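Step one of this worksheet: look at the structure below.
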Amino acid sequence: MATYSTNEFKAGLKVMLDGDPASIVENEFVKPGKGQAFSRVRIRNLKTGRTIERTFKSGETIEAADVVDVEMQYLYNDGQFWHFMNPESYEQMAADKNAVGDNAKWMKEQDVCIITLWNGLPLIVEPPNTVTLKVTETDPGLKGDTSGGGGKPATLETGAVVRVPLFVKEGETIKVNTRTGEYLSRA
Amino acid sequence: MNTSPGPESDWRPSATLEVLKLRARLLQRLRVFFSARGVLEIETPALSGTATTDPALASFATHYTGPRFPQGQTLYLHTSPEFPMKRLLAAGSGSIYQICKVFRDGEAGRQHNPEFTLLEWYRVGFDHHRLMDETGELVMDLLAQSMSLQSPERLTYRESFQRHAGLDPFATSADEFGQAARMHGISVSPELVSEKAPDAWLDLLLTHVVEPKLGQGRLTFIYDYPASQAALARIQPGNPPVAARFELYLNGIELANGFHELADADEQRARFERQLHAREAAGLPAVPLDERLLAALAHGLPDCAGVALGFDRLVMLASGARTIEEVLAFPLERA
């Protein structure tokens with residue numbers, strides 16, 4: 001079993017915390033003038049997404065989490081699972097709803113996603129930072145409105161709803177930032 | 001902290017030139033302060049054949065081989081200049097101060113660099129309360145151009161815990177400490193949960209709960225520490241007995257640690273031996289005792305109080321820096 005000591009703690013380190021894989025967000029070395037040193041970490045549970053604080057005695061060890069990030073191409077959804085393929089080995093893998101979560105609305109066939117594997121199984125599915133999607137439904141823009149302030153809602157082919165400028169029409173494709181959910185440009 | 005990509009950019013200092021100039025000005029002011037008070041500037045070796053026995057401090061060890069020690073000799077980088085300064089005091093130096101680099105293995109963080117600058121001074125005839133007065137005057141003087149502070153406050157260790165952690169540090173069990181930590185929203189590792197040593201809990205609550213609230217708009221001195229945390233301070237009899245030790249805080253940052261110095265050679269030897277046993281129990285390397293310090297104490301240390309102040313942290317406070325890297329030309333990762 002691989003372990004890490006507090007000396008190895010740093011942002012991004014994947015460890016087991018309370019039985020779940022977790023990622024260290026921030027590690028602070030704390031020591032009183034005379035006495036015991038501590039590692040005070042902010043750590044994100046990769047299953048729940050929740051970030052908590054935890055304090056360790058300096059020198060303690062903690063179990064490493066067998067977590068790796070791989071790039072895989074999204075193939076299709078069968079109603080229950082999202083299927084992916086490793087573009088080099090052609091190996092296929094299915095991710096469930098827990099792994100895909102809210103990112104389901106950005107998933108477009110052929111896009112290359114980052115899949116975080118825990119013990120070889122998909123834990124988190126991250127779509128590309130920017131996706132190009134077709135507008136399937138939006139109100140016609142109001143003529144003469146050039147203020148650009150408000151925008152309007154548009155439904156995209158994957159089901160996501162984003163605010164777009166008034167000039168965007170049904171059938172057009174647009175670029176969207178999946179991290180913020182914001183419209184970037186026409187494709 | 002910004003981790004730099006490589007030598008192309010991290011050959012540069014991590015402190016601005018402006019902060020380095022501030023460092024120089026503060027050093028100058030320090031020397032003026034002590035010279036005006038007739039305190040003598042001295043220097044003692046950074047390399048020593050003996051090392052601190054404190055289990056919470058790790059000394060760097062290096063090696064000398066050459067004339068005088070043809071077979072080689074282990075030398076330790078000092079973690080503080082305390083022992084040789086006490087030898088000077090015992091030899092009749094009168095009040096002395098020193099500004100020097102000290103070295104502590106295993107310490108790096110927002111407020112820690114393994115090599116840092118300490119200002120340490122000893123006042124003959126002072127007790128720790130008088131030395132708190134002088135420490136306050138010095139720090140107020142050095143920070144006068146950076147911030148306006150109200151007059152310093154003093155709290156006993158007990159009062160600081162009662163006020164900020166809601167418990168009496170001298171009348172709380174390990175289980176109750178654990179509950180108090182949870183109440184303050186502190187989640188600890190399983191190893192810490194089962195911790196039985198009160199001092200470990202006190203250090204946890206001090207650093208996580210009490211310290212952040214100390215030194216808000218004024219210097220806060222904490223004094224009368226638990227006897228178990230006396231280090232090199234004398235113990236005052238009482239119920240409970242307390243250590244004649246103090247610490248200084250500003251903006252939640254620990255800035256200085258002082259003692260009414262223990263002068264009893266037998267008591268000092270007993271503490272060294274207890275610490276060596278604690279080191280052994282914790283699997284830490286054994287270190288040679290400083291017999292010359294014990295001989296100096298046996299000869300007679302004048303009644304005195306001493307304090308060590310983290311100069312880099314003082315510069316952090318004076319410059320508004322968030323990390324120690326911002327006040328060091330070349331911290332650990334650029335050294």
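See the values below:
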{"read-out": "Any hit, the range B:158-170, residues being among the small types (Gly, Ala, Ser), closer than 13 Å to B:VAL210 by Cβ and in contact (Cβ under 8 Å) with a residue 60 or more places away in the chain", "value": "yes"}
{"read-out": "Filtered residue count, the range B:245-293, keeping only those that are among the small types (Gly, Ala, Ser), in contact with a strand residue (DSSP E or B) (Cβ under 9 Å, 6 or more places away or on another chain) and either more than 14 Å from chain A (Cβ to nearest Cβ) or farther than 30 Å from B:LEU317 by Cα (or both)", "value": "1"}
{"read-out": "Condition check for A:PHE81: of a type in the set (Phe, Trp, Tyr) and under 30 Å from B:GLU195 (Cβ atoms)", "value": "no"}
{"read-out": "Residue match in the range B:143-158 (condition: more than 14 Å from every other protein chain (Cβ to nearest Cβ), part of a helix (DSSP H, G or I), more than 30 Å from B:ILE96 (Cα to Cα) and not polar (S, T, N, Q))", "value": "yes"}
{"read-out": "Residue list for the range B:160-195, restricted to those being within 26 Å of B:LEU131 (Cα to Cα) and surrounded by 14 or more Cβ atoms within 10 Å (Cβ to Cβ)", "value": "B:SER160, B:PHE161, B:GLN162, B:HIS164, B:PRO169, B:PHE170"}
{"read-out": "Pairs with Cβ under 9 Å, 6+ apart, first in the range B:124-135 and crowded, with 16+ Cβ neighbours inside 10 Å, second assigned to a helix (DSSP H, G or I)", "value": "B:VAL124/B:LEU89; B:PHE126/B:ASP133; B:PHE126/B:GLU134"}
{"read-out": "Some residue of the range B:54-65 being under 30 Å from B:GLN145 (Cβ atoms) and out of contact with any His (no Cβ under 8 Å at 6 or more places or on another chain)", "value": "no"}
{"read-out": "Spans of helices (runs of 4 or more DSSP H) in the range B:159-240 with at least 3 residues within 10 Å of chain A (Cβ to nearest Cβ)", "value": "B:190-193, B:198-205"}
{"read-out": "Test result for A:PHE56, surrounded by 15 or more Cβ atoms within 10 Å (Cβ to Cβ), under 30 Å from B:SER194 (Cα atoms), in contact with a helix residue (DSSP H, G or I) (Cβ under 9 Å, 6 or more places away or on another chain) and modelled with pLDDT of 95 or more", "value": "yes"}
{"read-out": "B:GLN98 vs. criteria over 23 Å from B:ASP264 (Cα atoms), surrounded by 14 or more Cβ atoms within 10 Å (Cβ to Cβ) and within 11 Å of another protein chain (Cβ to nearest Cβ)", "value": "no"}
{"read-out": "Residue within the range A:71-89 that is more than 30 Å from B:ASN257 (Cα to Cα), within 14 Å of chain B (Cβ to nearest Cβ) and more than 17 Å from the chain's Cα centre (by Cα) present", "value": "no"}
{"read-out": "Subset of the range A:94-128 (residues that are assigned to a strand (DSSP E or B), over 13 Å from A:HIS83 (Cβ atoms) and without any contact (Cβ under 8 Å) to a residue 60 or more places away in the chain)", "value": "A:VAL112, A:ILE114, A:LEU117, A:LEU121, A:GLU126"}
{"read-out": "Condition broken by B:LEU89, with the remaining ones in (1) in contact with a Phe, Trp or Tyr (Cβ under 9 Å, 6 or more places away or on another chain); (2) under 30 Å from A:GLU28 (Cα atoms); (3) of a type in the set (A, V, I, L, M) satisfied", "value": "(2)"}
{"read-out": "Filter result (hydroxyl-bearing (Ser, Thr, Tyr), assigned to a strand (DSSP E or B) and within 16 Å of B:ARG104 (Cβ to Cβ)) within the range B:53-80", "value": "B:THR62, B:TYR76"}
{"read-out": "Pick from the range A:17-52, criterion outside any loop (DSSP other than H, G, I, E, B), more than 12 Å from chain B (Cβ to nearest Cβ) and among the aliphatic types (A, V, I, L, M), ranking: surrounded by the fewest Cβ atoms within 10 Å (Cβ to Cβ)", "value": "A:VAL25"}
{"read-out": "Residue check, B:ALA181 farther than 30 Å from B:ALA295 by Cα and within 16 Å of the chain's Cα centre (by Cα)", "value": "no"}
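The values are calculated or read from the model by the stated rules, or taken from the named source; none is laboratory data. On a predicted model such as this, the values are computed, not experimentally measured, just so you know. Virtual Cβ from ideal backbone geometry, glycine too; neighbours counted across all protein chains shown.
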